[in-house]
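J.: Please find one structure pasted underneath; my questions will follow.
Bear in mind these aren't lab numbers, they're just calculated from the coordinates by the rules spelled out. The structure presented is a predicted model; accordingly, all values stated were derived computationally and were not measured. Here the Cβ positions follow ideal geometry from the backbone for every residue, glycine too, while neighbour counts run over all protein chains shown.
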């Protein structure tokens, strides 16, 4: 494995080998965001650029390029384009409870657009009718439908499904699965994290190149609006058949359920 991310002077620079793509829910897990953004593992830092090989950084022999764009998973043309560029790419998809995910998406939009109609008014047509799958906050959680599109181009063995809930409760454990999937030595462990009670999320004890801790920004960990239980139950019932199909397709049983008690991290 090459040194951390950046290519130094005099080192052999090779064309980018597009090794992995991190996709999934619009707000990916905080553990993964922190690790890849801060370069805690000797991977080429993740990209968030148009999918053109010429725009990607040169890599050292033994390095992997990780591209992180959450919207890939729900973008219809993404699997075809990625496959045409690099059919050997490994795909990491972060999923979480689709109801919680929809409410989180709404909270993010509400923070930027005060005066937005209530969650229930947007989730159901005319506020009382069937679930409105045209609303992106709802549509993104139809994981089985999105995965079906990807499986037209990539075999299931190319995918790793990561629990967004476990990235909060046990970031090192879930990132251990990611490192194994990519064929990497387990460098990121419990010692890299501590739990920030104010944010409600794990933080990195030391950011790359800094002696200070690193937590995600204000957009992470904001409180969710209160949603009536009747609305939550209706959405759970709506997602249930889609969730079952997703479990069958992936061979996983409820990746966002029973995430486990949050580990206690000390600073």
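J.: In which sequence would 157, 86, 163, 118 go, from the one with the fewest C-beta neighbours within 10 Å to the one with the most?
T.: Least crowded to most crowded, the residues run 157, 118, 86, 163.
J.: So, one more: If the label point is 7 Å along Cα→Cβ of residue 253, which residues in the stretch 163-202 have backbone nitrogen under 19 Å from it?
T.: Residues 163-166 qualify, since their backbone N sits under 19 Å from the label point.
J.: Give the shape of the stretch 98-205 as rounded, prolate or oblate, defined through the alpha-carbon gyration tensor: a ≥ b ≥ c are the square roots of its eigenvalues, a/c under 1.5 means rounded, and otherwise the shape is prolate if a/b is larger than b/c and oblate if not.
T.: Verdict is oblate for the stretch 98-205.
J.: By the gyration tensor of its Cα atoms, with a ≥ b ≥ c the square roots of the eigenvalues, what is the shape of the stretch 107-157: rounded for a/c under 1.5, prolate for a/b over b/c, or oblate? Let's see the in-between values first.
T.: Numbers: a/c = 4.83, a/b = 2.05, b/c = 2.35.
Oblate, since a/c reaches 1.5 and b/c is not below a/b.
J.: Let me ask you something else. Sorted from fewest to most neighbouring beta carbons within 10 Å, what does the list 231, 188 look like?
T.: 231, 188
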